[in-house]
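The values are calculated or read from the model by the stated rules, or taken from the named source; none is laboratory data. Just so you know, these numbers come straight off a predicted model, no measurement behind them. Cβ coordinates were reconstructed from backbone atoms using ideal geometry, including for glycine residues, and neighbour counts include every protein chain displayed.
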Amino acid sequence: MRVLVAEDDPVIALGLAERLRTLGHEPIGPVNDGEQAVAAAKQSRPEDVNGQAFDDTAARIHSIATVHGLLARGEGPVDAGALLERIAESAPVPVTIDAEPAAFDPCTAQKLGIVANELITNAFQHGAPPIVVQLMGGHETRLQVDDRGNGPAEDAAGLGLQLVRDMVEQGLRGRFGVGALPGGGTRAAVVFPEQAR
Ligand SMILES: Nc1ncnc2c1ncn2[C@@H]1O[C@H](COP(=O)(O)OP(=O)(O)OP(=O)(O)O)[C@@H](O)[C@H]1O
Ligand SMILES: [Mg+2]
């Protein structure tokens, strides 16, 4: 079996690789961040029906890695507008960001980034343009991702929405909902309290 070694200490990585070889596996890497992991894993992309699932997973890891890379640069609070702009840049269609000034600790910012990425991805994959993302600060933080499409079916369920729901409710202690906009279109809204940590 091919096993990807993700470890930034070269000595430990070498030890792991050797151990894996002894056990009859084929070690790949080592890699030390998400970007490298995706690149290395792409070389092992299966050519059968699992290829699409593989690509979807790679895209998700890539987006988490992007958010992580942005956060890893500084220790202090993360500017929400800059974070959202960065996520929007990786979308294949234009995404308008309209963010009030707000900053979050890196942990909250990471969760917000992952949630925003899933919702923006849904907007361009399943909805219709234009896509507008708004962030309102204050006592509670509100993130809204709007598109002009008809929205998900009542019972729509996938890994993305599940991830969003879990991250919002358990990670941010907030609420998540998707609804129709009065003039047509769909709004996915996340609200979470200031003290979320
Ligand atoms: N903005 C949207 N407009 C229309 N339909 C949507 C929207 N967001 C989600 N949906 C519907 O809800 C379903 C579930 O979304 P979810 O994000 O959970 O899964 P997915 O996008 O299909 O796959 P993935 O797990 O890769 O995100 C989608 O397949 C789609 O049918
Ligand atoms: Mg999705």
Just to be sure before I move on: is T121 more than 13 Å from A188 (Cα to Cα) and polar (S, T, N, Q) in the structure I sent? no
Checking N150 against (1) within 16 Å of ligand 2 (Cβ to nearest atom); (2) in contact with a Lys or Arg (Cβ under 7 Å, 6 or more places away or on another chain); (3) not hydrophobic (A, V, I, L, M, F, W, C), which test does it fail? (2)
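Residue under question is G113, and the condition is that it be more than 16 Å from ligand 2 (Cβ to nearest atom) and either farther than 22 Å from A91 by Cβ or surrounded by 13 or more Cβ atoms within 10 Å (Cβ to Cβ) (or both); does it hold? Even if it seems obvious, please write down each step before you answer.
Values: more than 16 Å from ligand 2 (Cβ to nearest atom): no; either farther than 22 Å from A91 by Cβ or surrounded by 13 or more Cβ atoms within 10 Å (Cβ to Cβ) (or both): yes.
Criteria not met by G113.
Assess whether A109 counts as being modelled with pLDDT of 85 or more and outside any loop (DSSP other than H, G, I, E, B). Steps first, answer last, please.
Values: modelled with pLDDT of 85 or more: yes; outside any loop (DSSP other than H, G, I, E, B): yes.
Considered against the rule, which asks whether it is modelled with pLDDT of 85 or more and outside any loop (DSSP other than H, G, I, E, B), A109 comes out as yes.
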Considering only residues that are under 22 Å from T186 (Cβ atoms) and in a loop (DSSP other than H, G, I, E, B), which ones fall in the range 71-99? S90, A91, P92, V93, P94
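Can you name the residue in the range 5-41 that is in a strand (DSSP E or B) and surrounded by 15 or more Cβ atoms within 10 Å (Cβ to Cβ) and is also farthest from the chain's Cα centre (by Cα) among such residues? Outline the logic, then answer.
Initial filter on the range 5-41 (in a strand (DSSP E or B)): 5-6, 26-31.
Subset that is surrounded by 15 or more Cβ atoms within 10 Å (Cβ to Cβ): 5-6, 27-31.
Working: V5: 22, A6: 20, P27: 27, I28: 25, G29: 24, P30: 23, V31: 20 Å.
Among them, the one singled out is P27.
Residues that are acidic (D, E), loosely packed, with under 12 Cβ neighbours inside 10 Å and within 10 Å of ligand 1 (Cβ to nearest atom): which strands (runs of 3 or more DSSP E) entirely in the range 124-188 hold 1 or more of them? Lay out the reasoning, then the answer.
Numbers: elements: 131-136, 140-147, 175-180.
Passing ranges: none, list empty.
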Would you mind telling me which numbered condition in (1) within 16 Å of ligand 2 (Cβ to nearest atom); (2) touching a residue at least 12 places away in the same chain (Cβ under 8 Å) Q52 fails? (2)
